[in-house]
Structures are given as C-alpha cells and as structure tokens.
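What follows is a single structure, written as structure tokens, with notes after it.
The values are calculated or read from the model by the stated rules, or taken from the named source; none is laboratory data. Values in this document were obtained by computation on a predicted structure and should not be read as measured data. Glycine also receives a Cβ, built like all others from the backbone with ideal geometry; neighbour counts cover every protein chain displayed. Note: accessible area is taken over every heavy atom of the protein model, side chains too, but ligands, DNA and RNA are not part of it. Shrake-Rupley method; radii C 1.70, N 1.55, O 1.52, S 1.80 Å.
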Amino acid sequence: MSMSIEHNVDPFTIEIVKDSLMAIGDEMFYALARTSMSPIIYEVLDYACGLTDAKGELLTQGNGVTGFIGMLSFMVRETVERYNKKGNLKPGDIIIINDPYGGGGSHLSDVGLVMPIFYQGELVAFSANKAHWTEVGGKESGSMSTDSVDIYQEGLQFPCVKLYDGGILNEPLVEMIRANVRFPDLSLGDMWAQVAALKTGEKRFHELCKKYGKNIVMASIENLLNQGEQLTKKALRQLPKGTFKAVDYIDDDGIEDGPFKVQVKITITDEEFICDFRGSHPQVTGPINSSYTGLVSAVRTIFLAITNPSQDINDGAFRPLKIITDKQSIFDAERPAPVSMYWESMLFGCDMIWRALAPLLPDRLTAGHHLSVCTVVVSGKHHVTGEPFLIVEPSVGGWGGADGRDGDTGQFCILDGETYNIPVEICETRYGVMVDEYSMRTDGKGAGKYRGGPGVIRSYRAMSDNQKLVASFGRHKYFPWGINGGHEGSGNKFEIVKADGTKDGPFGKYNGYTLNKNDVVRLITGTGGGYGDPLERPVEKVIMDVRNEIITVEQAKEDYGVVINPETFEVEGLTETRQRKGRVK
C-alpha cells in the first residue's frame, strides 16, 4: 500500500506536520476571500482551496461549498495526466481548468487553478483551488441558464491550459478572458485572488519542508492518508450491513417536463461502501446534467455525514467509497451536454443515499430538506449609477426534522455547505434592487413529532426597467420526504408580482424573465420533512408553534390532533384520532 513511517521519525512530529498541512489549507482559504472581488466569493464563500500530494491525492481542503469535496483532486490528476507524464511541469506553472466532463469539472462558472509545488527540484505537492466566477461568458449574463442545450452556450471553456508557464503570465489568454466576459474586473480580480491563494500554499509548504525536512513531510502525508482510511473503515464496521435502495424523480430540466427517474443501490460491507447509480435517466436536453465529479462530490458529502462528520477531509478517507454510473447518464454527462444548473441532479445523488439510510441512522441523518441550491441571477442597470449589475446568489430553505429535534430554518442545501447570503445592505447598495421581504415561510408543512424547519421568502423589487431574471428552483414538484410517519415538506418556487398587482407564476425554472421598475420577484423555498408521527408531538410544543405562527390553529387540529382556541391559545381538547391512539402528551 505505502511505505511505513521510518523508525527514527518522532510520531509527535508527524502529527504536528499533519496539523500544519491542514492549517495551510485554511490559510489559502482565507487568503482567497480577503483578495477576491465578487460577493459570491467573499460573502457567499462559493469556493474551495487545498493541497494534494504529487499524485493528486487530496491532503487538506478549506471550503465553504461542500459540493467541491473531491473536485480538487480530480483537477490535479488531470494536470498530472496532461503535463507531468511528459515532464513539462515546472516551478511557476499555474494551470486553469473548468472542463465539466473531466478534470474536476462541475459547470463552467466554477474555475479551477492548479499549481505544482517543487522542493529542491522535486515535485512534492500541488496547491489547488476552485471558485465560482460571477461571469465566464455564454449566452446569459451570469453564465447560467435554464434553457441552454449544449455546453457552447454556457461560456468559456478552459481545457487544462497554462495560465502561467514557468512564472510567465499567458497574456493572450488573459486578454481572451477579458474580451469574452461581461464583468472582466470581477472575473479577473477573482482569478488573481486564486493565484494569490495558490502562492500562499506554495510558500507555506516550502517553509514546512525547510523546517522539518522533506522526508518527514512526505512521511506525514502518507500517515495522514492512511489514518483517513483507517478511521473510515472503523466507522464502516459500525454501520448496518446489506443492500439498500432508493428511487426518486427530478422535476424537469428547464426544457422538457420530465419527470426523470433516478435510483441508487447502496451496498455496505466492513471494507466498502458501494453506490451504484446505474439505471438512472440518460443525460437530458436541458442544463441539469451532472458531471461524474459532481456526483462524486455529492456522494462524498453524505458519506462523511454517515461515517465521520467531524473528520478532516483527505482522499484516504474516501478509499473505501466506490461509485458506479452509466456513461452519458444524468449523473455522468458527456460532451456536449449542458450542465450550467448541474446541482439539480447532483443533489439527488446525495439525497437518495440520505433517504435510503436515514431510517437506519437516526442519530446522523434527518428527514428530507429543500434540496435545491435555488439559484437566482438578476442582471440590469443600477437605478442610481446607471452601471450594469449582476446578482448571482443561492437561497436558503428548510431542513428536515430529526430524532430529538425540529428541523433547522433557513439553511443552505447540503452541497452548499457553510455558505452565506449576500447581506441585504450590500445587495441594495451594489445592485439595482430593494429587498422588500426576507422572512420565514410558515406554511405548516413537514408535520411530525419533530417538525420540518420552515423555508424562507425573499423578495427583490426591481428599481429599474428591463432587468432580467434567471432562476432554477428544483424540488418544485416532488417535495422533501418525511421519516417514520412524518409528513412531507413543501416545494420550492418563485413568482412575480408586477407593479400593477397582477401575479405571474409560480415557476420552478425560468430563463430571462423581464422585470420592470417596481416588479417584485418572490423567492419561496421549501419546508423540510417531518420526523415521527405528528400525533406524538407534545401538546405544549404544538401550542408554541401556533403562538409563533409556524402552524395555524387548523393545522394544529388536522395534523397534530390538538384543538386550540385561536383567541386565548388554550387547549380545548384533543381529536378522537389522537385520543384513540392513546398518545396524549
């Protein structure tokens, strides 16, 4: 498997070096945020940074978006395959790559940079990052559309080419980018921030090798990867064994109505965790297709949640994980399939495993959540400055109830991880909109002994004419699932309230809706699924939910069997159904 640590290497030193490697990933992460130009990076944190070994095995990663777990190592391996086997990687090289079909790709907006790290003339590691650029060209401002039919409509493609060659900048490539994106200052500014983060990683890795010696650093890398594998196998031995299946349906692809059937068969042994997605729908006409690396990152995220949620990320931890797909499927798209809204299928790769195993792992997994990134892109002219603006932003929603607690309110989907909304103050200052409302969506869905968390309502009022809206809200037909008798949650949707008061919608996807001054787009995300029989929810919690306007008096009676006086909030009785089941609390 790999060489053992030398007998004369102090194991405590090995651990110190290992922790130093992880600290490098974190420092790279902060360096990129501090120097970036776009709110989607420095506010939303839609990026990831990390180190790999010389073969491309991930050592450490700092990320806001969990959906990037796994993509950095694929980028590096593509670089090694393309360049190092021919011996033409050298100090000072930086490779740019966003190919969705290989090399760690997702969609074209997620641009990756890879930098080889040499020490004393030997290639010892790679520094890598991937960040969502606000613009990479294509037919729509923001480079994401719900009706693109091939990759060529979605923006610039960087097929693992050198941005820097031996420290010399590829000026023609930079000018090509400048000429083909709508907001070059943002896109190139973020690119320079990525370069700065890579150089931070290189500098710190050199310092580590100089302080402890290259051999000790290499031994620590080996120990880090092997330890990750050992921790995962220890966790696997504690999981239920067998084969578990799940089937679900993706609403549509923005062009065709669907639904598109997807499925997974999970086999768990003491040594392996195998996810077989074969039999899922072939790649589709619209841009919701996922790359294979997108699927891998989705599966890795839920795999960590199931095995070791607090474990540090490295490729050793994923050695027992096997992922099988059909080529040219919705989970393993091939050129030239459109992929700009890839998460609308990618997330199902995560969610089906979650759904299949949630009843077996109540201490780890909740009921279903709103699932979709619920992306909104608004472009137009600023009402004060007259300058063009562009909003690119994900939306928060409700998570499912769990064994022992209600679902969380207003959180990003699992693959957006620990990201953030653009603050209202920044939004209203930089963009041509006003935020009329940002509130909980208290629709009362997701009833359960532990109810689902509410979604949210966010309303943007256009402050100028001829603004354009692109939005993709998945899970608008098939709703978040409940567990153990919990009710399903509600779907995601958006609607337009025009200046004259008329409404249009609701929609799940729309490309290029025209908003004129004082038109309002209401972005409405789903409530999570419930956990357990609603008739087992304690009466005092039902009363509190009514008082807090999370559920209505009617829902308290219908779903929970508790009759509450709407004026005094006192309990007037329990329904026959609740009494008959003997679940008076």
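Couple of notes before you dig in:
- Any hit, the range 491-506, residues being open to solvent by 10 Å² or more (accessible area, probe 1.4 Å) and touching a helix residue (DSSP H, G or I) at 6+ places or on another chain (Cβ under 9 Å): no
- Residue within the range 286-301 that is outside any loop (DSSP other than H, G, I, E, B), of a type in the set (Lys, Arg) and farther than 21 Å from LEU371 by Cα present: no
- Residue check, GLY400 under 25 Å from the mean Cα position of the chain (by Cα), closer than 20 Å to ARG547 by Cα and in contact (Cβ under 8 Å) with a residue 40 or more places away in the chain: no
- Test result for GLY70, free of Cβ contacts under 8 Å to residues at least 60 places away in the same chain and closer than 19 Å to PHE412 by Cβ: no
- Within the range 32-45, tally of residues that are farther than 19 Å from THR66 by Cβ, part of a helix (DSSP H, G or I) and open to solvent by 10 Å² or more (accessible area, probe 1.4 Å): 2
- Residue that is nearest to PHE479 (Cα to Cα), among those in the range 213-268 that are open to solvent by 70 Å² or more (accessible area, probe 1.4 Å) and of a type in the set (D, E, K, R): LYS261
- Subset of the range 107-133 (residues that are in a loop (DSSP other than H, G, I, E, B) and open to solvent by 10 Å² or more (accessible area, probe 1.4 Å)): GLN120, GLY121
- Search result, residues across the range 62-75 that are over 15 Å from VAL161 (Cβ atoms) and of a type outside the set (S, T, N, Q): GLY62, GLY64, VAL65, GLY67, PHE68, ILE69, GLY70, MET71, LEU72, PHE74
Yes/no matrix, rows are residues, columns are (1) in contact with an Asp or Glu (Cβ under 8 Å, 6 or more places away or on another chain); (2) free of Cβ contacts under 8 Å to residues at least 60 places away in the same chain; (3) among the aliphatic types (A, V, I, L, M); (4) under 18 Å from THR60 (Cα atoms):
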site	(1), (2), (3), (4)
ASP312	no, no, no, yes
ALA333	no, no, yes, no
PRO336	yes, no, no, no
TRP343	no, no, no, no
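- Any helices (runs of 4 or more DSSP H) falling wholly within the range 147-244 and containing at least 1 residues that are closer than 30 Å to GLN263 by Cβ: 214-236
- Residue within the range 295-305 that is touching a Leu at 6+ places or on another chain (Cβ under 7 Å) and of a type in the set (Phe, Trp, Tyr) present: yes
- Scan of the range 443-456 for residues that are out of contact with any helix residue (DSSP H, G or I) (no Cβ under 7 Å at 6 or more places or on another chain), among the aliphatic types (A, V, I, L, M) and either open to solvent by 20 Å² or more (accessible area, probe 1.4 Å) or in a loop (DSSP other than H, G, I, E, B) (or both), ordered by number: none
- Per the conditions (1) surrounded by 24 or more Cβ atoms within 10 Å (Cβ to Cβ); (2) over 20 Å from VAL195 (Cβ atoms); (3) not charged (D, E, K, R), the sole criterion not satisfied by TYR101 is (1).
- Unique residue being acidic (Asp, Glu) and part of a loop (DSSP other than H, G, I, E, B) when the list is ASP436, ASP408, ASP351: ASP408
- Residue in the range 89-96 that is under 24 Å from ASN170 (Cα atoms), part of a loop (DSSP other than H, G, I, E, B), open to solvent by 10 Å² or more (accessible area, probe 1.4 Å) and free of Cβ contacts under 8 Å to residues at least 60 places away in the same chain present: yes
- Extreme residue, surrounded by the fewest Cβ atoms within 10 Å (Cβ to Cβ), among residues of the range 157-177 that are among the hydrophobic types (A, V, I, L, M, F, W, C) and closer than 17 Å to GLY102 by Cα: VAL161
The rows are residues; the columns are (1) of a type in the set (S, T, N, Q); (2) within 19 Å of PHE68 (Cα to Cα); (3) touching a Lys or Arg at 6+ places or on another chain (Cβ under 8 Å).
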{"position": "ARG319", "(1), (2), (3)": "no, yes, no"}
{"position": "LYS322", "(1), (2), (3)": "no, yes, no"}
{"position": "LYS327", "(1), (2), (3)": "no, no, no"}
{"position": "VAL339", "(1), (2), (3)": "no, yes, no"}
{"position": "MET346", "(1), (2), (3)": "no, yes, no"}
{"position": "GLY368", "(1), (2), (3)": "no, no, yes"}
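- Members of the range 99-142 that are under 24 Å from GLY166 (Cα atoms) and of a type in the set (S, T, N, Q): GLN120, SER127, ASN129
- Whichever residue in the range 274-287 is open to solvent by less than 40 Å² (accessible area, probe 1.4 Å) and touching a residue at least 60 places away in the same chain (Cβ under 8 Å) and, among such residues, is nearest to ILE306 (Cα to Cα): CYS275
- Subset of the range 297-348 [among the β-branched types (Val, Ile, Thr), within 27 Å of SER145 (Cβ to Cβ) and open to solvent by less than 10 Å² (accessible area, probe 1.4 Å)]: VAL299, ILE330, VAL339
- GLY417 meets the conditions (1) part of a loop (DSSP other than H, G, I, E, B); (2) on the phi < 0 side of the Ramachandran plot; (3) not hydrophobic (A, V, I, L, M, F, W, C) in every case but one. The failed one is (2).
- Of all residues in the range 134-146 being among the small types (Gly, Ala, Ser) and open to solvent by 20 Å² or more (accessible area, probe 1.4 Å), the one that is nearest to THR79 (Cα to Cα): GLY138
- The range 458-475 residues that are among the basic types (Lys, Arg), paired with ones that are assigned to a strand (DSSP E or B) and buried (at least 19 other Cβ atoms within 10 Å of the Cβ) (beta carbon under 7 Å, 6 or more apart): ARG458/LEU523; ARG461/VAL433; ARG461/VAL520; LYS468/SER379; LYS468/GLY380
- So ARG204, is it surrounded by fewer than 16 Cβ atoms within 10 Å (Cβ to Cβ) and charged (D, E, K, R): no
- Here GLU428 meets the list (1) part of a helix (DSSP H, G or I); (2) touching an Asp or Glu at 6+ places or on another chain (Cβ under 7 Å); (3) not β-branched (Val, Ile, Thr) almost entirely, failing just condition (2).
- Checking each residue in the range 46-62 for being closer than 21 Å to GLU229 by Cα and either touching a residue at least 40 places away in the same chain (Cβ under 8 Å) or assigned to a strand (DSSP E or B) (or both) picks out GLY50, LEU51, THR52, ASP53, ALA54, GLY56, GLU57, LEU58, LEU59, THR60, GLN61, GLY62.
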